[in-house]
């Protein structure tokens, strides 16, 4: 394959995924505008298992940037959400992206995407326990 063919194949690949990429960026923007910390704080009750599940689901659906997750996390802490719940939310918010899963499946494969997100959830829970333990012991 020469350079011209490589450029042509790359351009075709980019054009194939461009509509899905635009949709993902649009959906993330919509979530960041309409899903507020106040809305999210109503889902937490202080129980570790419930907060873990709630944090993973809400964090992975409302995917965002690290800076934004700090702002949302601080607002959740002020609303009375546990440090553990906020930590899980913070990590899921920046790591797992349900919105971008179709694109990831198309580019990297369904099996890889499922395993990657499952492992992310496992390590989010482990990391959150470690972070909360360290923060509370200081």
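The values are calculated or read from the model by the stated rules, or taken from the named source; none is laboratory data. All values reported here derive from a predicted model rather than from experimental measurement. As a convention, Cβ positions derive from the backbone with ideal geometry for all residues, glycine included, and neighbour counts pool all protein chains shown.
Just a few scattered comments:
- Output for the stretch 74-83, where each listed residue is assigned to a helix (DSSP H, G or I) and surrounded by fewer than 22 Cβ atoms within 10 Å (Cβ to Cβ): 74, 75, 77, 78, 83
- Check on residue 122, within 24 Å of residue 29 (Cα to Cα) and out of contact with any helix residue (DSSP H, G or I) (no Cβ under 8 Å at 6 or more places or on another chain): no
- Residues of the stretch 47-69 that are over 9 Å from residue 85 (Cβ atoms), in a helix (DSSP H, G or I) and modelled with pLDDT under 80: 66, 67, 68, 69.
- Lone qualifier among 105, 101 - being closer than 30 Å to residue 15 by Cα, surrounded by 14 or more Cβ atoms within 10 Å (Cβ to Cβ) and over 14 Å from the mean Cα position of the chain (by Cα): 105
- Residue count, the stretch 24-46 (criterion: at pLDDT below 75 and surrounded by 13 or more Cβ atoms within 10 Å (Cβ to Cβ)): 9
- Flag if residue 18 is within 23 Å of residue 133 (Cα to Cα), free of Cβ contacts under 8 Å to residues at least 12 places away in the same chain and assigned to a helix (DSSP H, G or I): no
- Qualifying residues in the stretch 124-138 (those that are in a helix (DSSP H, G or I) and without any contact (Cβ under 8 Å) to a residue 12 or more places away in the chain) - the one surrounded by the fewest Cβ atoms within 10 Å (Cβ to Cβ): 137
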